[in-house]
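A.B. asks: Pasting a structure below so you can have a look.
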Amino acid sequence: MTRENSAPTRRASLELLRAEASDELSVLVEERLRAGEDPWEFMDDLPTVDELVVLMLRAENVLTTGLPSTGTRHYRVLRQIALDYPPLTRAVWRLLGSSRHRTWDSLLPEVP
């Protein structure tokens with residue numbers, strides 16, 4: 001596998017990445033609550049902490065490589081994240097799954 005398709009070298013421990021993602025989700029929830037939204041209506045639309053970690057690692061890869069995001073590349077990057085961070089494997093496969101039930105799922109490229 002070429003370097004362009006692999007995830008970036010580990011930048012931090014999984015615990016630190018999860019803590020960052022948890023903080024980010026807390027901010028998102030607080031913003032939506034302050035805007036008067038009902039948490040029963042929006043909580044299912046938010047990614048889980050592990051899904052957000054995977055999306056952050058994927059975004060980091062896109063920024064560092066500068067390559068356009070295609071369905072095949074998206075698949076390879078997420079697979080590499082699962083290999084680099086085995087506890088995130090379930091979240092990776094959920095993001096690669098065929099059901100796009102959350103609002104933010106539509107922002108991800110289709111996998112061929």
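The values are calculated or read from the model by the stated rules, or taken from the named source; none is laboratory data. Note that the structure is a prediction, hence the values are computed from the model and not measured. When we count neighbours, we look across all protein chains shown, and the Cβ atoms used for this are built from the backbone with ideal geometry, even at glycine. Note: areas computed on protein heavy atoms with side chains; ligands, DNA, RNA excluded. Shrake-Rupley method; radii C 1.70, N 1.55, O 1.52, S 1.80 Å.
A.B. asks: Name the residue that is farthest from the chain's Cα centre (by Cα), counting only residues in segment 24-78 that are more than 27 Å from residue 13 (Cα to Cα) and among the hydrophobic types (A, V, I, L, M, F, W, C).
C.D. replies: So the residue we want is 35.
A.B. asks: Pull out all pairs, ordered by first then second residue, where Cβ-Cβ is under 8 Å, the residues are six or more apart or on different chains, the first lies in segment 23-42 and is basic (Lys, Arg), and the second is loosely packed, with under 12 Cβ neighbours inside 10 Å.
C.D. replies: Listed pairs, sorted by first residue: 32/39.
A.B. asks: Report yes if residue 98 is small (Gly, Ala, Ser) and either open to solvent by 70 Å² or more (accessible area, probe 1.4 Å) or at pLDDT 95 or above (or both), otherwise no.
C.D. replies: The answer is yes for residue 98.
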